[in-house]
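Here is the structure we will look at.
The values are calculated or read from the model by the stated rules, or taken from the named source; none is laboratory data. These numbers come from a predicted model, not from an experiment. Counting neighbours? That spans all protein chains shown, and the Cβs are built from the backbone with ideal geometry, glycine included. Note: accessible area is taken over every heavy atom of the protein model, side chains too, but ligands, DNA and RNA are not part of it. Shrake-Rupley method; radii C 1.70, N 1.55, O 1.52, S 1.80 Å.
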Amino acid sequence: MFEPRVALASLSGEADADWARAGSDDAGAAFLGGVALDDATRAAARAMVDRDRTEFLPADPIAFVERELDALSAAPIRPGVNVRSATLGPVSDVAAACADRNAIVEINAHCRQSEMCEVGCGESLLRDTGRLRECVAAASDAGADVSVKVRAEVAGVDLGATAAAIEAAGGDAIHVDAMDSESAVDDVAAAAPSLFVVANNGVRGRESVREYLAYGADAVSLGRPSTDRRIRRRVRRAVDEWFEREESPEGEDPGDRERA
């Protein structure tokens, strides 16, 4: 899905084309957004801004996505766009824009802000697998590669079952905010073996990278530290070491050679 196996995770109101370009030396993908697409989610985003959260609220969200993706057309990084919509039409529209630009569309089933959950988006999708499947299918039918950003430790939610539903609906990837349950990555990878699994939360260097990849993640992502060049480089180095070791016939750890 992308190389190197490091992604930059969306930061509301901050993750734009300039942000993605700044991290492109150390990452293979960058998820812009999140972007509220329809009337319900835009009203929710405005309410969140009123209490001092940052959000993208362009006049035309689809045109905004297209401009941001076009700004990255020559950048050495694969873009994605994290989106929220209570209706399926805008999901199809943004997915078509992504498909035309080899970008990933990422359905946000992660945001836990009450305003988004009340309109049926974000984390609430984890409790409504039918609607989540519809969102994934709408994006997939438009021709885009589809990721879903999810969160662990949500009461009553079996992330393994959620991953299987995403896979069945035509999803390509699952982006797991593991919270304090790193082993949730193992559950997801086992339940949906065809999904590309991106692990998120607490990724800072070799120890966290190796833990997630050992649990079956295909890649890791950086949230707030995505703007810290030192951490990006440290994570990229750890990811490269892991996959170089896997490809080595002797299973030698390149990091051991560096320390010798």
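Among the residues of the range 209-239, the ones that are part of a helix (DSSP H, G or I), over 10 Å from Ala199 (Cβ atoms) and open to solvent by less than 50 Å² (accessible area, probe 1.4 Å) come to 7 in all. Only residues that are open to solvent by 10 Å² or more (accessible area, probe 1.4 Å), under 17 Å from the mean Cα position of the chain (by Cα) and not aromatic (Phe, Trp, Tyr) were counted in the range 187-203, giving 5. Going through (1) more than 19 Å from the chain's Cα centre (by Cα); (2) open to solvent by less than 10 Å² (accessible area, probe 1.4 Å) one by one, Leu8 falls short only on (1).
Take the conditions more than 18 Å from Glu55 (Cα to Cα) and either of a type in the set (D, E, K, R) or touching a strand residue (DSSP E or B) at 6+ places or on another chain (Cβ under 9 Å) (or both) and apply them to Cys135. Does it pass? Here the answer is yes, as Cys135 does meet what is asked. When residues in the range 40-54 are screened for being outside any loop (DSSP other than H, G, I, E, B) and in contact (Cβ under 8 Å) with a residue 40 or more places away in the chain, 7 of them pass.
Could you list all residues from the range 64-111 that are basic (Lys, Arg), touching a strand residue (DSSP E or B) at 6+ places or on another chain (Cβ under 7 Å) and open to solvent by 30 Å² or more (accessible area, probe 1.4 Å)?
Narrowing the range 64-111 to residues basic (Lys, Arg): 67, 78, 84, 101.
Subsequent filtering for residues that are touching a strand residue (DSSP E or B) at 6+ places or on another chain (Cβ under 7 Å) retains 78, 84.
Answer for the range 64-111, where residues must be basic (Lys, Arg), touching a strand residue (DSSP E or B) at 6+ places or on another chain (Cβ under 7 Å) and open to solvent by 30 Å² or more (accessible area, probe 1.4 Å): just Arg78.
Given the structure, is Val188 within 23 Å of Leu11 (Cα to Cα), modelled with pLDDT of 95 or more and not polar (S, T, N, Q)? Step through it out loud before you land on a result.
Values: within 23 Å of Leu11 (Cα to Cα): no; modelled with pLDDT of 95 or more: yes; not polar (S, T, N, Q): yes.
For Val188, the condition - within 23 Å of Leu11 (Cα to Cα), modelled with pLDDT of 95 or more and not polar (S, T, N, Q) - is not met.
Within the range 55-67, the only residue that satisfies the criterion of being of a type in the set (Phe, Trp, Tyr) and not in a helix (DSSP H, G or I) is Phe56.
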